[in-house]
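**Q** Just passing along the structure, written as structure tokens.
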Amino acid sequence: MNLPNKLTMARVLMIPVCLVLQGINTETSNFVAAGVFAIAALTDLLDGKIARKRGLVTNLGKFADPMADKLLAVSSMTFLCAQGKLPAWMLVIVLIREFMVSGLRLIAMEQGKVIAAGMLGKIKTNLQFYAVLALLMGNWPFSLIPFPMTTVLMYAMTALTLISGIDYFVKARGVLKG
């Protein structure tokens with residue numbers, strides 16, 4: 001297993017640590033959870049850069065990397081929803097989009113095609129990560145701003161989740177015709 005794939009697996013292994021910390025749900029544990037989450041999110045940036053730079057792109061990486069991203073974001077969002085920090089309807093939109101795009105990728109794979117992550121999807125993932133971090137930190141570095149930045153991030157994340165999902169289906173409409 002190459003380094004980028006090891007980083008992806010490390011991201012998956014950090015998920016339970018983050019969730020245990022979120023489950024404790026104190027200010028301190030949430031900040032530590034945010035730190036673990038941030039490190040996990042950084043592995044997403046690193047694994048892709050290393051894979052492309054060193055020519056280590058693998059089929060395992062193409063599959064595991066986006067799955068690790070989804071698991072990291074959705075599992076933390078689920079805890080945040082259960083704690084009343086994220087509206088359930090936002091989580092439902094994220095889940096529907098992730099299942100539908102994953103299904104689209106499976107259909108494409110059966111046809112021998114690969115649907116690579118698009119720019120909107122990458123921005124969506126990062127926005128999801130930022131929203132989770134802001135929620136975990138209780139709006140903390142934004143506490144001096146006169147409105148809750150977490151709310152702005154949550155709505156932006158939800159909107160981009162919808163838009164990027166639609167974008168995948170528009171660009172891959174040929175896959176669905178088969």
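**Q** Please give the helix 119-136 orientation as an angle from the longest Cα principal axis of the chain, in degrees from 0 to 90, rounded to the nearest 10.
**A** For helix 119-136, the angle is close to 20 degrees.
**Q** Checking the cross-link filter: which aspartates and glutamates have an alpha carbon closer than 19 Å to that of residue 122, excluding same-chain neighbours under 8 positions apart?
**A** Partners within reach: 44, 47, 65, 69, 98, 167.
**Q** Right, here's the next one. If packing is taken as the mean number of other Cβ atoms within 10 Å per residue, what is the order of 95-106, 31-42, highest first? All intermediate terms of the calculation are to be shown ahead of the outcome.
**A** On the way: 95-106: 16.2, 31-42: 19.1.
For the peptides 95-106, 31-42, the packing ranking is 31-42, 95-106.
**Q** Just to confirm the number: angle between the C-alpha axis of helix 27-54 and the first principal axis of the chain, 0 to 90 degrees, nearest 10?
**A** 20
**Q** Here's another thing I want to ask about it. Using alpha carbons only, how many degrees (0 to 90, rounded to 10) separate the axis of helix 3-24 from the longest principal axis of the chain?
**A** Computed tilt is about 30 degrees.
**Q** Okay, next question. By a straight-distance test (C-alpha under 20 Å), which lysines pair with residue 85 as possible cross-link partners, with residues fewer than eight away in the same chain excluded?
**A** 70, 124
**Q** For the chain, what is the largest minus smallest coordinate of the Cα atoms on each principal axis, given in angstrom and ordered from greatest to least?
**A** Ordered largest first, the chain gives principal extents of 49, 34, 25 Å.
**Q** Quick one: which of 126-136, 79-89 comes out on top by average Cβ neighbours within 10 Å, and what's the full order, highest first?
**A** So the peptides 126-136, 79-89, ranked by packing, come out 126-136, 79-89.
**Q** At 0.36 nm per residue, minus the direct Cα-Cα distance, what do residue 28 and residue 60 gain on full extension? Give it in nm, one decimal, please.
**A** Details: separation 32, 0.36 × 32 = 11.52 nm, distance 3.60 nm.
Stretched fully, the residue 28-residue 60 segment lengthens by 7.9 nm.
Values quoted throughout were computed directly from the atomic coordinates according to the rules given, and no laboratory measurement underlies them. From a predicted model like this one, the values you see are computed outputs, not experimental measurements. Neighbour counts are summed over all protein chains in view; Cβ atoms, including those assigned to glycine, are modelled from backbone coordinates with ideal geometry.
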